[in-house]
C-alpha cells in the first residue's frame, strides 16, 4: 500500500468511483426520496455531514499542531461552498442554491479529480474527510435540484461569476495581509491540477476566469436541454 497519496492511484480511483456511484444511486432513487417520509431527514443529514466534516478537519489540524491562519481556515472555494451548502439545505434557500450549484459542483469535481491532500492517502482520516466533503457538496446540490425541484436561472451564471470575483478580491487581500495562499491566488497548488496548463502566475488566474465561466455554462446546459421553468420553483424566495 502506498504511504503517500498518488494521483489516479487505486485509492484515488476508488474514491471517485464511490462518489459517482452514490450520486448515481441518489439520482435513480430521486422520485422515491421525493415521495418518501425520510426526505427531510436525508436533507438534514447531508447538512450535518457537511458541517461535521469541516469541524472534524479543524479539530484534526489542532490535534496534530498543524492549525494555521495561513492554510486551515475554511476560506477555500470548496470549504465555503460546503458551509453554504449546509445552510442551503437547512434553510432551503434558493439564493444560496443558485450560487453553490455552480461553485459547489464545479469546484468539487475539479478537486476530486486533482486532490490537494499532501501525503495523506487511504486509510488516513484526511483521505476520508476530503472526499466525503466534496462528495457531500455535489450531493447537496443534487438533492435541491432533483428532490426540491430547484433550478438555476440563466442569470444565475452571471450572478455567481460576479460573486466569485468579489470573493476572490477579498481573499486576495487576506492572502496579502497574512502571507497565505487561499484559492491558490498567489501560487499554484503543489499537486497536479488544471492550473498547470493555464500559464504562470498571475496569468493562470485570468485563464481560470475563462475556465470557470465555461464550467458554469456547461453546468447550466442540462436545464436548457430539459426545458421547463428555468428560474426554479423558489426563484423569488
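FYI, it's all coordinate maths here, none of it is from the lab. Only a predicted model underlies this, so the values are computations on that prediction, with no experimental measurement involved. Cβ placement follows ideal geometry from the backbone for every residue including glycine, while neighbour counts extend to all protein chains displayed.
Taking the chain as a Gaussian network of alpha-carbon nodes connected by springs under 10 Å, the highest mean-square fluctuation of the residues 48, 217, 62 belongs to 62. If you find the alpha carbon centre of the range 150-184 and of the range 58-97, how far apart are they in angstrom? With the range 150-184 and the range 58-97 each reduced to a Cα centre, they are spaced 15 Å. Only helical runs count toward this figure. For the chain, summing -39,500 (n - 2.57) over DSSP H runs of n ≥ 4 and dividing by all residues gives -22500 deg cm²/dmol at 222 nm.
Springs between Cα atoms under 10 Å define the GNM used for the chain, and in it the highest mean-square fluctuation of 167, 94, 220 occurs at 167. As a proxy for reagent exposure, 26, 143, 203 were ordered by neighbouring Cβ count within 10 angstrom, fewest first; the result is 203, 26, 143. Rounded to the nearest 10 degrees, the angle from helix 203-226 to the longest Cα principal axis of the chain is 20 degrees.
Counting beta carbons within 10 Å around each of 12, 124, 134 and listing the fewest first gives the order 124, 12, 134. Placing dummy labels 7 Å off each Cα toward the beta-carbon, the span from residue 48 to residue 32 is 2.2 nm.
Once the Cα atoms are used to define both axes, helix 125-146 deviates from the longest principal axis of the chain by about 20 degrees.
Using the Cβ-Cβ distance between residue 169 and residue 194 with R0 = 22 Å, the FRET efficiency computed as 1/(1 + (r/R0)^6) comes to roughly 0.55.
Rounded to the nearest 0.05, the FRET efficiency derived from the C-beta distance between residue 24 and residue 4 at R0 = 25 Å is 0.25.
Once you sort the root eigenvalues of the Cα gyration tensor of the range 113-231 as a ≥ b ≥ c, which label holds: rounded (a/c under 1.5), prolate (a/b larger than b/c) or oblate (the other case)? It is oblate, given that a/c is not under 1.5 and a/b is not larger than b/c. Among 208, 21, the order by Cβ neighbours within 10 angstrom, fewest to most, reads 21, 208.
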